[in-house]
Amino acid sequence: MITVEGLTKRYARHVAVKNISFEVGKGEIVGFLGKNGAGKTTTMRVLTCFLPPTAGKATVAGFDVLEQPHEVKKNIGYLPETPPVYPEMDVAEYLTFVAKLKGIASGDIAKRVDEVCERTAIADVKNKIIGKLSKGYRQRVGIAQAIIHNPPVLILDEPTSGLDPEQQLHVRELIASLSGDHTIILSTHILSEVEQSCSKVIIINKGEIVAVDSVAALHKRGRTSESVAIEVAGANAVEVRQRLEQVPGVARVISRDAKEGMSGFEVEGLEHAVIRPELARAVVQSGWDLTELKPLGESLEEIFLELTRSEKKEEGAPAQ
Amino acid sequence: MRNIITICSKEIRSYFVSPVAYLLMGLFGLIFGYFFFSATQYFIIAGMRQQMQGGGGAMSVNEFVIAPLLGNASVVGLFLIPLISMRLFAEEKRSGTIELLLTSPIQDWEIVLGKWMGAMVMYMSMLLMAVANVALLFAYGTPDWRPVLTGFLGLLLQGGTVLAIGTFISSTTKNQIIAGGATFSICLLLWVLSWVSSYNETPIGQAIAYCSILTHYEPFSKGIIDTKDVVFYVSAIFLGLFMTARSLESLRWRA
């Protein structure tokens, strides 16, 4: 549905996206993951024909963004970072306006507006002024305008940013419910979101793709050796550290925060070693209290940080 | 065409749901009303004096009331039009809705034309205040309607020119104050350009004076439609809108 080949976007003073390539198949939900300023929005803007690429090629639904922007625009629904709403309009009126812009036949507009209001659960505020809606509702109005012409491709730029946890949940559910009919690219810097809603992840850092993989494969990638957070009470931190280092299978012990009477460590095991039971036993046998024992390195967060950190070392160039 | 109408009606609506439309119409009505009052009062006094002295034939309402009034309206227009045009693109750029317009399957020139037409409708509603005043003259007298018609045609052309310039300036900035201020300065400049002709008799001076928008208006207020003035206004409108479309396009590559 979407192919990007060697895409580069250079602004006056810096390169936002460097020679990236990826593909998104029909019906996939792809998470575009990266820190702020990594090039997510730029890539999306190229795909929506808002910005032309400096070099490289991008096609959406078989149409080239440079050669056939009109066709591309017909095939995408786009939610920019801030929902593009007119605060003085009411919801129904706004959606009618967008429907006309997207070229929906006049006779079908009212029906489509009702459908998307139903779909995005904004039917109850249909006649309210957008400027008076809460952020969560406004975001859903933004999604409603993106899907009003039922486009095969949806591009959502940080659809959950700035929402409270409950609203985030609603928006995520909404996106998941759309996944059957649309190919979706969404960008985010919230990792749990990717884990929940996406089938594939593209991690981008400083304008370059550092990983393209399924969520499951990425998880595996980080788990060749086990790493554990451990917190012990009622003992001297130095003693505990020495004891932990003696546990078989432990490669490294890193001291973390030490509060009054408590000392925390991060313990890394050797490759393929199972160290958690041994650690627990060692602590208890020494007569200390084990207050926390938590496996680390399983969250996407770790992998993400790992991937983006290693890039940093190589370059050392300023981000912007 | 449908896209132009969509954009245009959205613009008209946003003028009329906000106080902007009523403020502009009120201001223009107030100023024009005052001019109208003074002009007719002067006309009546002058007319009575002439009658008492028993001299000459009837004074022409067209010449003594309508023509100077329309001249005033064109100057007042210069001051108020930047308030109409400043928001056209600057507001959309500030709020991010420009992304919606530019990623929808419509052409840049359709956006530009739609917005300009919306602003024209706003300007015309402002002129309605003047029409209402002038209509009174027709109710109580029999002025010649032809110069009135050409006068309003001239006002439309002149307003359209300034709006086209304002639309272009608005598309270059996110800041409405800057857009309004810059448009106002340009309007002022285009007005005072005509003053050059009084002290600079060289061809260059004459050429500069020719660019003044107001000098092209004068014939209209006297009932003359001169092709060179129409061409001047129409080509200025075209240039303004063309540059706006280019400026929108440059948003994409400059970003």
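With charges set only on the Cβ (+1 for Lys and Arg, -1 for Asp and Glu), what does the dipole of segment A:224-296 come to about its Cα centre, in debye to the nearest 20? Write out the running numbers ahead of the final one.
Numbers: 8 positive and 12 negative charges, 15 e Å.
Charge dipole, segment A:224-296, about its Cα centre: 80 debye, nearest 20.
What is the mean number of Cβ atoms from other protein chains located within 10 Å of the Cβ atom of each residue in peptide B:3-12, rounded to a whole number? Write down the numbers at each step before the final one.
Working: counts 3, 0, 1, 7, 3, 0, 2, 7, 0, 0.
Counting other chains' Cβ atoms within 10 Å and averaging over B:3-12 gives 2.
To one decimal place, what Kirkwood hydrodynamic radius in Å is obtained for segment A:71-117 from all pairs of distinct Cα atoms? Display every interim value, and only then the final one.
Details: mean 1/r = 0.0862 Å⁻¹.
Kirkwood radius, segment A:71-117: 11.6 Å.
Which residues does the label zone of residue B:23 cover in segment B:72-88, counting backbone N under 19 Å from a point 7 Å along Cα→Cβ?
B:76-88
If I model a spin label at residue A:245 and residue B:34 as a point 7 Å from the Cα along the Cα→Cβ vector, what separation in nanometres do I get?
Spacing of the two 7 Å Cα→Cβ label points: 8.9 nm.
Show me, bin by bin at 10 Å from 0, the whole-percent P(r) of segment A:224-296 based on Cα pairs.
P(r) over segment A:224-296, rounded to whole percents: 22, 61, 16, 1.
Cα centroids of segment B:168-215 and segment B:83-97: how far apart, whole angstrom?
Answer, in whole Å: 22.
From the residues B:203, A:21, A:68, which one has its Cα farthest along the dipole of the protein assembly as shown in the positive direction, the dipole being from +1 and -1 charges on Cβ of Lys/Arg and Asp/Glu about the Cα centre?
Towards the positive end, the residue furthest out is B:203.
What is segment B:2-254's relative contact order, in percent, from Cα pairs under 8 angstrom and six or more apart in sequence?
Details: 301 pairs, mean separation 70.0, N = 253.
So the answer I get is 28 percent.
Test of understanding: ordering B:246, A:13 by Cβ neighbours within 10 Å, fewest first, what list do you get? Before the final figure, lay out each step's value.
Values: B:246 13, A:13 6.
By the 10 Å Cβ count, ascending, the order reads A:13, B:246.
How many angstrom separate the Cα center of segment A:144-169 from the Cα center of segment A:63-91?
13 Å
Considering segment A:125-217, what Rg and Dmax in Å follow from its alpha-carbon atoms?
14.3, 46
Starting with the fewest neighbours, write out B:145, B:116 ranked by other beta-carbon atoms found within 10 Å of each beta-carbon. Mind showing how you got there, number by number?
On the way: B:145 13, B:116 26.
Result, fewest neighbours first: B:145, B:116.
Per residue of B:14-27, count partner chain C-beta atoms within 10 Å of its C-beta, then hand back the mean as an integer.
Values: counts 3, 0, 0, 6, 1, 0, 0, 0, 0, 0, 0, 0, 0, 0.
Going residue by residue through B:14-27 and averaging, the value is 1.
How much space per residue, in cubic angstrom, does the convex hull of the C-alpha atoms of segment B:2-254 take up?
Values: hull volume 37.3 nm³, N = 253.
So the per-residue hull volume is 148 Å³.
How would B:69, A:169, A:133 line up from fewest to most surrounding beta-carbon atoms within 10 angstrom?
Details: B:69 23, A:169 13, A:133 20.
The fewest-first ordering by Cβ neighbours comes to A:169, A:133, B:69.
For chain A, with only Lys/Arg (+1) and Asp/Glu (-1) charged at the beta-carbon, what is the dipole magnitude about the Cα centre, in debye rounded to 20? Working shown, then result.
Numbers: 39 positive and 44 negative charges, 177 e Å.
It works out to roughly 840 debye.
Determine the equivalent ellipsoid of segment A:2-215 by diagonalising the alpha-carbon gyration tensor, then write out the semi-axes as square roots of 5 times the eigenvalues, largest first, rounded to whole Å. Don't jump to the answer; show the numbers that get you there.
On the way: eigenvalues 155, 75, 48 Å².
Those come to 28, 19, 16 Å.
What does the net charge come to around residue B:92 if you take all other residues with beta carbon closer than 15 Å to its beta carbon, with K and R at +1 and D and E at -1? Kindly include the intermediate steps, with their values, before the conclusion.
Details: positive: B:10, B:13, B:87, B:93, B:94, B:115, B:174, B:252; negative: A:88, B:11, B:91, B:99, B:108, B:110.
Neighbourhood net charge equals +2.
So what is the calculated 222 nm ellipticity per residue for the protein assembly as shown, using -39500 (n - 2.57) for each DSSP H run with n of 4 or more, over all residues, to the nearest 500 deg cm²/dmol? Display every interim value, and only then the final one.
Numbers: 22 runs with 324 residues, N = 575.
Mean residue ellipticity, 222 nm, calculated: -18500 deg cm²/dmol.
Among A:212, A:2, A:270, whose Cα sits farthest toward the positive end of the charge dipole of chain A (+1 at Cβ of Lys/Arg, -1 at Cβ of Asp/Glu, about the Cα centre)?
The Cα lying farthest towards the positive end belongs to A:2.
Tell me the label-point distance for the pair residue B:174, residue B:138, using the 7 Å Cα-to-Cβ offset, in nm and rounded to one decimal.
It is 4.8 nm.
Give the calculated FRET efficiency between residue A:14 and residue B:198 to the nearest 0.05, with a Förster radius of 60 Å applied to their Cβ-Cβ distance. Don't skip to the answer; put the middle values down first.
Details: r = 53 Å, r/R0 = 0.88.
The formula returns an efficiency of 0.70 here.
Simple spin-label model, 7 Å along Cα-to-Cβ: residue A:272 to residue B:189 in nm?
According to this spin-label approximation, the distance is 7.7 nm.
If packing is taken as the average number of other Cβ atoms within 10 Å across a peptide's residues, how do A:137-150, B:1-14 rank, most packed first?
On the way: A:137-150: 23.9, B:1-14: 17.9.
Descending packing order for the listed peptides: A:137-150, B:1-14.
When you look at the Cβ of every residue in B:91-103, what mean number of other chain Cβ atoms sits within 10 Å? Walk me through the numbers on the way to the answer.
On the way: counts 1, 2, 0, 0, 6, 6, 8, 3, 11, 16, 2, 9, 17.
The shielding value for this peptide is 6.
Looking only at segment B:80-99, which residues have a backbone nitrogen under 20 Å from a spot 7 Å from the Cα of residue A:135 in the C-beta direction?
B:94-97
When all alpha-carbon pairs of the protein assembly as shown are counted, what percent fall beyond 43 Å? Write out the running numbers ahead of the final one.
On the way: 69054 of 165025 pairs.
Value for the protein assembly as shown: 42 percent of Cα pairs lie more than 43 Å apart.
Compute the signed sum of charges (Lys and Arg +1, Asp and Glu -1) over the other residues within less than 12 Å, Cβ to Cβ, of residue A:130.
+3
Need the C-alpha centroid separation for segment A:93-140 versus segment A:179-249, integer Å.
First find each Cα centre; the distance between them is then 39 Å.
FYI, it's all coordinate maths here, none of it is from the lab. Since the model is a prediction, treat every value here as computed from it, not as a measurement. Positions of Cβ are generated from backbone atoms using ideal geometry, with glycine treated the same way; all protein chains shown enter the neighbour counts.
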